[in-house]
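Asker: Before we start, here is the structure in question, set down as structure tokens.
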Amino acid sequence: MPFCITLTGNPSAVPEEVAKQVRDRLLDAGLDLAADLQRKSPLGATGELRRGWNVTQPRKSTAGFSFGMSITNSAPDALQRIAGSAPGTIAEVKPLIQWVKHKGIARGKNARWVAIAIRRSIRERGTQRWRDGGNHDLGIGRKGEALKGGAVDRAVIRIAREISRMKIK
């Protein structure tokens with residue numbers, strides 16, 4: 001299941017020109033956020049998470065004046081990769097072997113044994129990222145929520161600040 005961040009705005013009824021400015025600012029902020037998330041995403045063994053960020057164009061709602069856009073990550077298990085794995089999670093060995101080799105921790109048959117040990121540790125304790133409450137570099141918590149002061153939180157604050165500064169004629 002892909003991971004999704006949705007940004008929406010619902011200012012009061014305003015002229016079409018202002019609506020265009022709101023949409024443009026929302027798109028700029030969304031693109032900046034996606035670039036920041038991509039830059040800060042863990043590379044892992046495959047790079048899928050880093051490459052998986054996509055932004056939808058802001059669309060105007062048919063019911064009143066509101067805009068919405070989404071920033072998604074299409075990598076398999078994206079939220080788990082972002083926020084970490086909880087205790088009790090049984091990680092697949094094959095991606096762990098890839099990761100162990102990519103990090104240069106072990107090679108050949110030893111990589112499999114190291115991956116199995118890591119798998120056991122994840123099952124017993126969870127990953128360090130999960131124990132820390134999510135990915136603080138990206139500002140995304142265990143349940144996909146925006147962490148205070150993180151990239152998503154800063155983007156939302158920036159959008160609200162820019163929209164509040166707009167001059168309506």
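Coordinate-derived values only; no laboratory data. Note that the coordinates shown come from a computational prediction; the quantities given were computed from them, not determined experimentally. Here the Cβ is made from the backbone with ideal geometry for all residues, glycine too, and neighbour counts use every protein chain on show.
Asker: State to the nearest 20 debye the size of the charge dipole of region 85-126 about its Cα centre, where the only charges are +1 on K and R beta carbons and -1 on D and E beta carbons.
Answerer: Values: 10 positive and 2 negative charges, 37 e Å.
Once rounded to the nearest 20, the dipole reads 180 debye.
Asker: Net charge around Ala151, counting only other residues with Cβ within less than 11 Å of its Cβ (Lys, Arg = +1; Asp, Glu = -1)?
Answerer: On the way: positive: Arg39, Lys40, Arg154, Arg158; negative: Asp32, Asp36, Asp137, Asp153.
Combined, the nearby Lys, Arg, Asp and Glu give 0.
Asker: Sort 104-110, 39-45 by the packing proxy (mean of other Cβ within 10 Å over each peptide's residues), most packed first.
Answerer: Numbers: 104-110: 10.6, 39-45: 15.4.
In descending order of packing, they fall as 39-45, 104-110.
Asker: Regarding region 49-160, what's the average projected area of the Cα-atom convex hull, expressed in nm²?
Answerer: Details: hull surface 35.4 nm².
Spelled out: convex hull of the Cα atoms, projected over all directions, averaged, 8.9 nm².
Asker: Please report Rg over Rh for region 85-126, where both radii come from the alpha carbon positions and Rh follows the Kirkwood definition.
Answerer: Result: Rg/Rh = 0.98.
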